[in-house]
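The block underneath contains the structure these notes are about, expressed in structure tokens.
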Amino acid sequence: MKILVINCGSSSIKYQLLEMDNETVLAKGLLERIGISGSRLKHKKGSEKYEIDEDVVNHKEGLNLIISTLTDEKLGVIKDTSEIDAVGHRVVHGGELFASSVRINDRVIKEIEANAFLAPLHNPPNIQGIKATMELLPNASQVAVFDTAFHQSMDPKAYLYAIPYNYYEKYKIRRYGFHGTSHRYVAARTAVILERPIEELKIITVHVGNGASIAAVKYGKSVDTSMGFTPLEGLVMGTRSGDIDPAIVPFLQEQEGLSPKEITEILNKKSGMLGLTRGKYSDMREIEDGAITGDEICRLAHDIYEYRIAKYIGAYAAAMNGVDAISFTAGVGENSPYLRKNVVDKYLGYLGIKLDEEANDCKACEKLISTPDSTVKVLIVPTNEELVIARDTAEIVEKNLDELNLW
């Protein structure tokens, strides 16, 4: 079975075509600048890389270009579209309606559209991609996999905010959490590496990239996560503030004469590490290099970054009344021995963790990096959200299901 995994952003489309018999990636790529001059498709087939410069007006044109590339005699990996059995779509926000992956039909599309007010930047392009793919590949099954679904196992004590309850009833204001597909994969993979059933483990998954979140996964279920109603809450991120005192918002609006849209822009795109470094850096690689070489601004920013991660790890160890394993993942988590060492050595000794310095000295590897005598195990687990989407899609199609049951 061949499955095409699609991730539509506002002006981009990421894709992978996977052969599910052996779970190999046949081709993958990224189309950028949709609706903007200078559109470019970066396509990879095996070790071969190609770039196609062609203006793309909308997502339907973009997907048509991607499908044409996949079936091209030179660049492609399939003869025609009949070889694509199903399409798995990443959808950012499923609200409370979707606690698992689902087969797409008219009802599902309407419900995703109904959730668009919760993710106005993400769900609309997700919907555009779904509708375009259904037109271009009418014989392929279509499945939606939601970023928020894995966290729907949280109890009300974890997801409700202490504001008037009628706002939850009226606007569905609550903690949803994001990166769920990644947290789900990493937790499951951690259990495999440790050779223990996930139903017996308390795992903290640390997904840190430009966007970042942490999840408490108890016996295979998410019981808490750092992102909230939006991806703005929680950890310090590349350009997002993470947790702040809510009273800062009206204070800045009054003092600076800012509109709600402007303050939202500041907190999402001008804060985080970019704000802490006085607008210089949002890339953690540059900030880490600066911290190591003695740049005081970068050093302080990195201190704040790692301190917030450690605070959440401590909170989730308490929330689960213990922890068996902590797994670092995503761009920074997988590729920064410096960050992992600082978090573990500075803050996690009370958990009985000792870092294996030699094991930690690697990037994008999958391995245990704590010493054998550590009470709590620490791991690096590269995430693979596309594989989760493809697996869910395959299971729904093979078993002729309308919806998966995650728990």
Note on the chain, DSSP bridge orientation, antiparallel percent to nearest 5 equals 70
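Let a ≥ b ≥ c be the square roots of the eigenvalues of the Cα gyration tensor of the chain; is it rounded (a/c under 1.5), or, if not, prolate (a/b larger than b/c) or oblate?
Working: a/c = 1.41, a/b = 1.29, b/c = 1.09.
The shape class here is rounded.
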Highest mean packing first, using Cβ neighbours within 10 angstrom, the peptides 154-164, 213-223, 102-112 sort as 213-223, 102-112, 154-164
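Relative to the Cα centre, what is the charge dipole magnitude of the chain, using +1 at the beta carbon of each Lys and Arg, -1 at the beta carbon of each Asp and Glu, and rounding to the nearest 20 debye? Don't skip to the end; give the middle numbers.
Working: 47 positive and 58 negative charges, 104 e Å.
With only Lys, Arg, Asp and Glu charged at Cβ, the dipole is about 500 debye.
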Computed, not fitted: 222 nm per-residue ellipticity of the chain from DSSP H runs ≥ 4 (each -39500 (n - 2.57)), nearest 500, equal to -11000 deg cm²/dmol
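Could you calculate the contour length gain from LYS157 to LYS363, that is, 0.36 nm times the residue separation minus the distance between their Cα atoms, to one decimal place in nm? Please list the in-between numbers first.
Numbers: separation 206, 0.36 × 206 = 74.16 nm, distance 3.71 nm.
Computed gain between LYS157 and LYS363 is 70.5 nm.
Compute the relative contact order of the chain as a whole-number percentage, counting only Cα pairs closer than 8 Å that sit 6 or more residues apart in sequence.
Details: 835 pairs, mean separation 57.7, N = 407.
It comes to 14 percent, rounded to a whole number.
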Distance in Å, no decimals, from the C-alpha centre of segment 335-379 to the one of segment 185-216 is 15
Which of LYS170/LYS261; LYS341/LYS377; LYS202/LYS346; LYS44/LYS269 exceed 24 Å between C-alpha atoms? The answer is LYS44/LYS269
Along segment 64-74, Karplus-curve 3J(HN,Hα) (6.51, -1.76, 1.60; θ = phi - 60°) to the nearest Hz, with x for Gly and Pro, reads 5, 5, 5, 5, 4, 5, 5, 9, 5, 4, 8
Summing +1 per Lys or Arg and -1 per Asp or Glu among the other residues with Cβ less than 14 Å from LYS42's Cβ gives +2
antiparallel share of DSSP beta bridges within segment 2-146, to nearest 5, in %, is 75
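A short reminder: the numbers here are calculations on the coordinates, not readings from a lab. Just so it is clear, the model here is predicted, and its values are computed rather than measured. Cβ atoms come from the backbone with ideal geometry, glycine included; neighbour counts cover every protein chain shown.
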